[in-house]
1. Find the relative contact order for region 1-118 and round it to a whole percent, using C-alpha pairs within less than 8 Å whose residues are 6+ positions apart.
2. With a 10 Å cut-off between alpha carbons and a GNM built on the chain, which of Arg35, Arg181, Arg117 moves the most?
3. Can you tally the net charge around Val29? Count Lys and Arg as +1, Asp and Glu as -1, for every other residue whose Cβ sits under 14 Å from the Cβ of Val29.
4. In a shell of Cβ-Cβ distance under 14 Å around Lys168, excluding Lys168 itself, what net charge do Lys and Arg (+1) and Asp and Glu (-1) give?
5. For the chain, set up a Gaussian network in which alpha carbons nearer than 10 Å are linked by springs, and say which option among Ala183, Ala70, Ala149 fluctuates the most.
6. Let me make sure I get this right: for the chain, a, b and c are the square roots of the gyration tensor eigenvalues over alpha carbons, sorted descending. Under 1.5 in a/c it's rounded, otherwise prolate if a/b > b/c, else oblate. Which is it?
7. Just tell me which lysines come within less than 25 Å, Cα to Cα, of Lys19; anything on the same chain fewer than 8 places away is out.
8. Using only alpha-carbon positions, what ratio does the radius of gyration of region 16-141 give when scaled by 2.2 N^0.38 Å?
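The values are calculated or read from the model by the stated rules, or taken from the named source; none is laboratory data. Bear in mind the structure is a predicted one, so any value in this text is a computation, not a measurement. Counting neighbours? That spans all protein chains shown, and the Cβs are built from the backbone with ideal geometry, glycine included. Each accessible area value is taken on the protein alone, full model and side chains, heavy atoms only, with ligands, DNA and RNA left out. Shrake-Rupley method; radii C 1.70, N 1.55, O 1.52, S 1.80 Å.
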Amino acid sequence: KAVTRKDVLEYHHKFFVPKNAVLMVVGRVDRAAFRKQAVQLLGQPTVWSGEVPRFDHRNTTDKRLPKPKAGTVLVVDRPGLTQAEVRMGFKAPLVTAPEHYALAVANALLGEYFNSRLNLLIRDKLGLTYGITSAFAYNKDLAVFTIGAATRNEAVGKLIGKTLDVLKDLKKGPIPADEVRMAKEYLVGGFPLSVSTLGSVAARWLSGYVFDLGTGYLNEFVPKVGAVTPEQVMAAVSKDIKPEQLIVVVAGDAAEIGKSLGEAGIPYVKASVKQLL
């Protein structure tokens, strides 16, 4: 609420500059003619100018908040809610890591589709949630691995405990070749839909450019996923999947969730919504 029009304008002038921007066009375009037009429209200093901004990477986390740590759940209290949202995660290797595609396969078989390990146990066998998913998210200087699910307040402790069991079992291995093959088929089969529009092609090219992944990034997904072996998946899991570093945050009725966590022997700390705001 404290943001003013002046703040917005200053932010725009500082960060929306040519040297901090990429213009990407995908489609049936005459490259030479378009480049000429772009330079004429945008290339004059009087039209658009500015230097590369300096970024402030200082940690601005509010010190009043309880700092979650591995092994202890942070419960954000929302009194009266009958369902809780559970998020778990830890830092992961950057998208440029050599084991990137092996980790993509590992994530698929862990929690990306309905026949994944997490869904087969947490959803189908135990009935603790309608769906549980895992994913890697990538930024320029940070990558995170997350698991997300919703469940009844009284089932939070069991869901967290069983999820940890699945992660530990995956890390212990071995991972069957058939399971790796199924995950690879899922990833390869779904890739064409993810780049089926000009917009999605442009977005993938842009990601490759921003992360400095090379000109082959758009077309390398299928062959590189196809080349992943069970041994590579196991090696990536052993190196990068770290249940002992898992940070867990739950939003819901703290009184009910606390009972569930207590029954499961899981320690927790509580935060209010006011603290988050």
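1. Normalised by residue count, the contact order of region 1-118 is 18 percent.
2. It is Arg35.
3. Local net charge: +3.
4. Working: positive: Arg117, Lys162, Lys171, Lys172, Lys242; negative: Asp165, Asp169, Glu244.
My count for the surroundings of Lys168 gives +2.
5. Result for the chain, Cα springs under 10 Å: Ala70 fluctuates most.
6. Taking the square roots of the gyration eigenvalues as a ≥ b ≥ c, the chain is oblate.
7. Filter leaves Lys6, Lys36, Lys140.
8. Expressed relative to 2.2 N^0.38 Å, the Cα Rg reads 1.67.
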